[in-house]
Amino acid sequence: MERFNGQKDGEDVVAKKPAKGKSKIVVEKNYGYCRKCCKSMVVNNFYEATNLLIDTNGYLSVCRNCVNEIYEHYFSLYGDMKTAIRCVCRDLDIRFSESALQATQSHIDRLVSRGKKGNKVFGYYKSKLGSTGKLNEGYEALRYIDSDSVENIYECPSAPAEDSKDEIASETIDYWGEGRTPWEYNFLENEIHKMKTDFECSDYGMEMIMRDICFMNLEIEKVRMSGRGDVTKLIEARGKLMNDGNLKPVQSTGADRTEKMSLGMFIKKWEDERPIEKRMDSEMKKYIDTYMIGHLAKMEGLDNEIVRQYEKAIEEYTIDLERVSKMEDEEQ
């Protein structure tokens, strides 16, 4: 695109259609054109290109601000940094790298821990991709087709369905309140389970403190995922809540946790970590119905299907007194 008279370096200009007789938009040297915001600006406002066959000037054809706007769109849709970055990489033909993603997360954590905001998330990723690729991994190509995982790389997950909360138990929603995503409900449930496993919850007041700490942990996690917000203040507030409840973290072994775990939490632990197989579950139900409920029903003088099932099951172990008496008579 042509630069207007008096335009200064770095000044944005809204693109206009080429004049009659011109076949294309002309961009002056050291300037680039963003196809999203339709503005011309100096190349410092663009990230380096990964597909030089298309971006022959060496820079992406979408400016830095628009790239980060695209990331914000996907993050608001999925609520997950990894998915949002992967979708942007797919759209702009940029390699998706797990190591660059981890370096980006570490960088954002450092910024947040210092009370700073990490607003240019994809910019951090692009920088880490370049440094990681050149120094550590030795990437030969940085296009999306060269991503770490090539299976279904062009398929991003569907946006969460509005009715997906139907899968969340009603008592869970009643406990934590309305208006949260399934991921948030699951996170809070896991946090309260850990709290009640490691600390004694003796009354309602203690449970409210634990519940507030879970909410605080959720906010801290969301800040770390998005890179926006002051995690330091949240951590200080969490520490104050823990002090109010006299909840002091101590180093303990798994055996220590098990010893101070209530029976209900102990059962939940095993159901979560080593649930009974469906096949065994059916066998146990049959065993209980037959030998426990059937036996009790027979003792009460009932005559139903469970009693008949019980009688049939123990028939081979039952002594027929009439038969025994008959055999004794024959022997005499």
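Derivation of every value follows stated rules applied to the coordinates shown; laboratory data play no part. These figures come from a predicted structure and were not determined experimentally. Quick reminder, even Gly has a Cβ in these numbers, built from the backbone with ideal geometry, and neighbours come from all protein chains shown.
Going 7 Å from the Cα of Arg35 along its beta-carbon direction, which residues of region 71-100 have the amide nitrogen within less than 20 Å of the resulting point?
Residues 71-74, 86-96 fall inside that zone.
Once the Cβ-Cβ distance between Glu189 and Glu69 is put in as r, and R0 is 56 Å, what FRET efficiency do you end up with, to the nearest 0.05?
0.95
Taking R0 as 41 Å, what FRET efficiency do you get between Tyr287 and Met208 from their Cβ-Cβ distance, rounded to the nearest 0.05?
Efficiency computed from Cβ-Cβ geometry: 0.45.
Modelled label-to-label distance, Glu98 and Asp148, 7 Å Cα→beta-carbon offset: nm?
The answer from the label model is 0.5 nm.
May I ask you to compute the full-extension gain from Val42 to Lys248, defined as 0.36 nm times their residue separation minus their alpha-carbon distance, rounded to one decimal in nm?
Full extension from Val42 to Lys248 adds 68.7 nm.
Hey, fewest Cβ within 10 Å first, where do Val121, Val231 land in order?
Val231, Val121
Between Glu200 and Lys233, how many nm apart are label points set 7 Å from Cα along the C-beta direction?
Result for the modelled spin labels: 3.6 nm.
So between Ala313 and Leu53, what do we pick up on full extension, going 0.36 nm a residue minus the alpha carbon distance?
85.9 nm
Over what distance in Å are the Cα centres of region 166-218 and region 57-83 separated?
About 33 Å separates the Cα centre of region 166-218 from the one of region 57-83.
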